[in-house]
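Enquirer: Just dropping this structure here.
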Amino acid sequence: MSPSINVLALEGAGTDWRLHLNGDWSLAAIAHIEPQLEDLPATLRGTLVCDWSRAQSPGIGPAWALLMRLAECGDPHLQVSHTGDPPHFLELLQRLKAERHAAALVPAEAPILERSVESLGRWAVRQGTEAGGVIEFFGRIVSVLGQSLARPRALRISSLARHIYETGVTAIPIVSLIAFLISVIVAYLGAQQLNKFGADIFVVDLVTIAVLREMGVLLTAIIVAGRSGSAFAAEIGVMQLNEETDALRAMGMNPIELLVVPRTLALVIALPSLTVIADAMGLAGGGLLSLVNLHIPLPQFVSRLRESLSPTTFWSGLIKAPVFAVLIAMVGTYRGMQVRDSARELGRLTTMAVVQSIFLVILADALFAVLFVQIDF
Amino acid sequence: MAAAGAIPVIRVRGLVNRFGAQVVHDGLDMEVRENEIFGIVGGSGTGKSVLLHTILGLRAPDAGTIEMYGRDVQRLAAADRSALVQSYGVTFQNGALISSLTVAQNIQLPLREYHRASEKTLDELAELNLDLVGLDRDAGAKYPSQLSGGMVKRAALARALCLEPKLLFLDEPTAGLDPISAAAFDQLLLYLHSQLRLTVVMITHDLDTLFRTCERVGVIVDRRMICGTLDELLQNRNPWIHDYFHGPRARAADKDAHG
């Protein structure tokens, strides 16, 4: 179909009009038909005859667009009739048009000022209920945990083992690799600076303290938040969409006990274990760089390491791990439980779970840093 | 039999589908003629949905040919394949509406993909399709999760109709509906079938729907299909078919539909 053909030809004058429909009138040609419909004069009155005899393979969509446009342009008393073997569905369309009542497909939007005030108010209320929801969620976890300590069967050992495997054991390679590489980077940068003062040996102190106090646990927590926080949210979210959590509730089981507590406990066990591994790999990385780049032999590295360690260095890192674990597990499972209705919600809340758990981990780390300085830990 | 020379809309020959050691279809033949409502029935697990997926090209069969309008769908070039896909509409068992889009946006989705039209026209076409399936205009602004089961089925049908197909595939269109909604859906289907001259292929477990709407029925038994009119199948001596059409529910449905 060449686009040069006019699909509409209007002839007549006064109160007697005839509209010839030419060429391709299928749905595929709608892009071409539409602008010509828009060009119909708004002054039509009297009678209008649509001649379909030269329209090829007329489609429902274009026919409907024609009827709509004819109803808009011209005066409301315009008499429209059809000749020339009109398509079989035209009668149906005319009937539908007659029954047509105005209803907006999209709700009308309020003016911008009202809308912004309204959205601010809604945001505030949402934040309020959200905070309440988080506190309630935390309370439930604690109460379920309390109950299950009295009733060990409720701890669901097999489920716990599965989650420890998925969140902990399978994360060992990536956590090790990243801890190793980061400590190599720290040692390398430190060596460059300390070299200026001839204080190469203090690279060992730098690496040891950085890895054990901060880097090991923080990196591990961030990796676990990305891996397992998202997995928790997505897993529980899909269960929500499938009404699986409703089914559990209906069978008298508590989704918090079944889904949330095992994940939280698993992470509380897995994250500190991973942190120990990350610490070890970090020290190994520092040792390797010291040997290769600074020519500090391994026995010297180890003895310097012993000297630089205070009794609390290792524990000040590790003690943070269970706290981070609880934060990550809670945010992930809470966001998962919030999923309703749509696939988009699932994506939004999974993203939110990861971003918020990483944020909370770093915030908590900062608070720990202040605390440890204050109590000189 | 079909009139000599008339090409069936769908012709399946010697279809074999296997999942590992489990053979679902073994030499299944099926033929759908122009402008009929063809029902597919069979027990649970006999591969009704697998058959539909295979016809739609969502699953490659292990053997056999599938022709639509006389052309082998497995050997189509990409452009022909796209044209073919646009020539039929499909509704899935649970509606399969895109949950992040409103009903109107769901209907407009294929229109936007394949055609260029102004927002105004797109809205008008969405309204038209809502009207066609008997949904209120307000339903257009709702999200699928806000709709009842019957409305989801209708909205899915509206989306299937929006590209003006000549051929419609329905996977259990009345499953999960109350009898009144299901009967209304049957009415709607018959109405659209006569008004828009559609060919309909429908998987259904609903005997009422089957007796009210279908001209011919294909029953999947023993990994093959037995096709015929309802009257022919009522006479069939295959034990499963006999039980299916002469069970207590079938007798009631038959009485209902034929007085």
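Enquirer: Which lysines have a Cα lying under 21 Å from the Cα of A:Lys97, excluding residues fewer than 8 positions away in the same chain?
Expert: Straight-distance partners of A:Lys97: B:Lys120.
Enquirer: To continue, here is another question. With a cap of 13 neighbouring Cβ atoms within 10 Å, and only residues DSSP puts in a loop, list the GluC sites (Glu not before Pro) found in segment A:104-185.
Expert: For GluC sites (Glu not before Pro) across segment A:104-185 that sit outside H, G, I, E and B with at most 13 neighbouring Cβ atoms in 10 Å, the list reads A:Glu109.
Enquirer: Let me ask another. Out of A:Thr47, B:Ala158, A:Trp64, whose Cα points farthest toward the positive end of the dipole of the protein assembly as shown (charges: +1 Lys, Arg; -1 Asp, Glu; placed on Cβ)?
Expert: Result: B:Ala158, furthest along the dipole toward the positive end.
Enquirer: Per residue of B:99-111, what is the mean number of Cβ atoms on other protein chains within 10 angstrom of that residue's Cβ?
Expert: Counting Cβ atoms of other protein chains within 10 Å of each residue's Cβ and averaging gives 2.
Enquirer: Of the residues A:Val117, A:Val268, A:Val49, which exhibits the maximal mean-square fluctuation in a Gaussian network model of chain A defined by a 10 Å Cα contact cut-off?
Expert: It is A:Val49.
Enquirer: Taking the Cα atoms of the protein assembly as shown, report the difference between the largest and smallest coordinate on each principal axis, in whole Å and largest first.
Expert: 102, 70, 48
Enquirer: Something else: So how long is each side of segment A:8-98 along the principal axes, counting just the alpha-carbon atoms, biggest first, in Å?
Expert: 32, 25, 21
Enquirer: Which ³J(HN,Hα) values, rounded to whole Hz and listed in residue order, are derived for segment A:184-198 from phi using the Karplus coefficients 6.51, -1.76 and 1.60 in 6.51 cos²θ - 1.76 cosθ + 1.60 with θ = phi - 60°, glycine and proline given as x?
Expert: Values, residue by residue: 4, 5, 4, 5, 5, 4, x, 4, 4, 6, 5, 4, 4, 9, x Hz.
Enquirer: About the Cα centre of segment B:195-242, how large is the charge dipole given +1 on each Lys and Arg Cβ and -1 on each Asp and Glu Cβ? Please answer in debye to the nearest 20.
Expert: That gives a dipole near 160 debye.
Enquirer: For segment B:10-23, what does the Karplus curve 6.51 cos²θ - 1.76 cosθ + 1.60, with θ = phi - 60°, yield as ³J(HN,Hα) per residue in whole Hz, taken in order and with x for Gly and Pro?
Expert: 10, 9, 10, 10, x, 6, 10, 10, 10, 10, x, 7, 8, 8
Enquirer: Report the residue, chosen from B:Ala155, B:Ala83, B:Ala139, that carries the largest GNM mean-square fluctuation when chain B is represented by alpha-carbon nodes joined by springs under 10 Å.
Expert: The residue with the greatest mean-square fluctuation here is B:Ala83.
Enquirer: Let's see if you can work this out: charge +1 on each Lys and Arg Cβ, -1 on each Asp and Glu Cβ, no other charges. What is the dipole magnitude of the protein assembly as shown about its Cα centre, in debye to the nearest 20?
Expert: With only Lys, Arg, Asp and Glu charged at Cβ, the dipole is about 1700 debye.
Enquirer: Tell me the label-point distance for the pair A:Phe197, B:Ala141, using the 7 Å Cα-to-Cβ offset, in nm and rounded to one decimal.
Expert: Using points 7 Å along Cα→Cβ, the separation is 6.9 nm.
Enquirer: So if R0 is 60 Å, what FRET efficiency would A:Leu309 and B:Ile180 give, r being the distance between their Cβ atoms, rounded to the nearest 0.05?
Expert: Step by step, r from the Cβ atoms, then E = 0.15.
Enquirer: Which loop-located trypsin sites (Lys or Arg not before Pro) does segment B:151-217 contain, where loop means any DSSP state but H, G, I, E or B and the Cβ has at most 15 other Cβ atoms within 10 Å?
Expert: When the trypsin sites (Lys or Arg not before Pro) of segment B:151-217 are filtered for loop state and at most 15 Cβ neighbours within 10 Å, B:Lys166, B:Arg197 remain.
Enquirer: Lys/Arg Cβ at +1, Asp/Glu Cβ at -1, dipole of chain B taken about the Cα centre: which of B:Phe211, B:Phe169, B:Gly57 is farthest positive-ward?
Expert: It is B:Gly57.
Enquirer: Expressed in nm to one decimal, what extension gain is obtained for the pair A:Leu149 and A:Ala247 from 0.36 nm per residue of sequence separation less their Cα-Cα distance?
Expert: 32.8 nm
Enquirer: Relative contact order (percent) for segment B:96-164, with alpha-carbon contacts under 8 angstrom and 6 or more residues of separation?
Expert: Once normalised by length, the contact order is 47 percent.
Enquirer: What number, in percent, do you get for the relative contact order of chain A if the mean sequence gap of Cα pairs under 8 Å and at least 6 apart is divided by its residue count?
Expert: 16 percent
Enquirer: In degrees from 0 to 90, rounded to the nearest 10, what is the angle of the helix A:261-293 Cα long axis to the longest principal axis of chain A?
Expert: 60 degrees
Enquirer: Now for a separate question. Amide H to amide H under 5 Å from A:Leu8: which residues, 5+ apart in sequence or cross-chain, H placed 1.01 Å off N in plane?
Expert: Correct list: A:Asn22.
Enquirer: Any idea what the dipole of segment B:22-97 comes to, in debye rounded to 20, about its Cα centre with Lys/Arg Cβ at +1 and Asp/Glu Cβ at -1?
Expert: Value, rounded to 20: 260 debye.
Enquirer: Ratio of segment A:95-201's C-alpha Rg to 2.2 N^0.38 Å, to two decimals?
Expert: 2.26
Enquirer: Sticking with this one: Can you work out the FRET efficiency for the pair B:Gln187 and A:Val370, with r the C-beta to C-beta distance and R0 = 45 Å, to the nearest 0.05?
Expert: Step by step, r from the Cβ atoms, then E = 0.05.
Enquirer: Please identify the chymotrypsin sites (Phe, Trp or Tyr not before Pro) of segment A:148-229 that satisfy two criteria: DSSP loop assignment and at most 14 other Cβ atoms within 10 Å. Which are they?
Expert: A:Phe197
Enquirer: Which of these, B:Pro248, B:Pro61, B:Pro165, has the largest mean-square fluctuation under a Gaussian network model of chain B (Cα springs below 10 Å)?
Expert: B:Pro248
Enquirer: Can I ask one more? When the Karplus curve 6.51 cos²θ - 1.76 cosθ + 1.60 is applied with θ = phi - 60°, which whole-Hz ³J(HN,Hα) does each residue of segment B:167-179 get, with x for Gly and Pro?
Expert: Running phi through 6.51 cos²θ - 1.76 cosθ + 1.60 with θ = phi - 60° gives 10, 10, 10, 10, 9, 6, x, 10, 5, x, 9, 6, x Hz.
Enquirer: Across peptide A:340-346, how many C-beta atoms of other chains are within 10 Å of each residue C-beta, on average?
Expert: Average neighbour count from other chains, rounded to a whole number: 4.
Enquirer: Which of A:Trp123, A:Pro76, A:Ile185 sits farthest toward the positive end of the charge dipole of segment A:66-189, with +1 on the Cβ of Lys and Arg and -1 on the Cβ of Asp and Glu?
Expert: Positive-end residue among those listed: A:Ile185.
Enquirer: What shape does chain B take by its C-alpha gyration tensor, where a ≥ b ≥ c are the square roots of the eigenvalues and a/c under 1.5 counts as rounded, a/b above b/c as prolate, and the rest as oblate?
Expert: Verdict is oblate for chain B.
Enquirer: For segment A:139-375, what are Rg and Dmax over the alpha carbons, in angstrom?
Expert: For segment A:139-375, the Cα-based Rg and Dmax read 20.6, 70 Å.
Enquirer: Given H placed on each backbone N at 1.01 Å, which residues far from B:Val200 in sequence or on other chains put an amide H within less than 5 Å of it?
Expert: Amide H neighbours of B:Val200, under 5 Å, 5+ apart: B:Glu36, B:Ile37, B:Phe38, B:Leu168.
Just so you know, all these numbers are worked out from the coordinates, no wet-lab data involved. Everything quoted here is computed from the prediction, not taken from an experiment. All Cβ positions, even for glycine, are placed from backbone atoms using ideal geometry, and neighbour counts span all protein chains on display.
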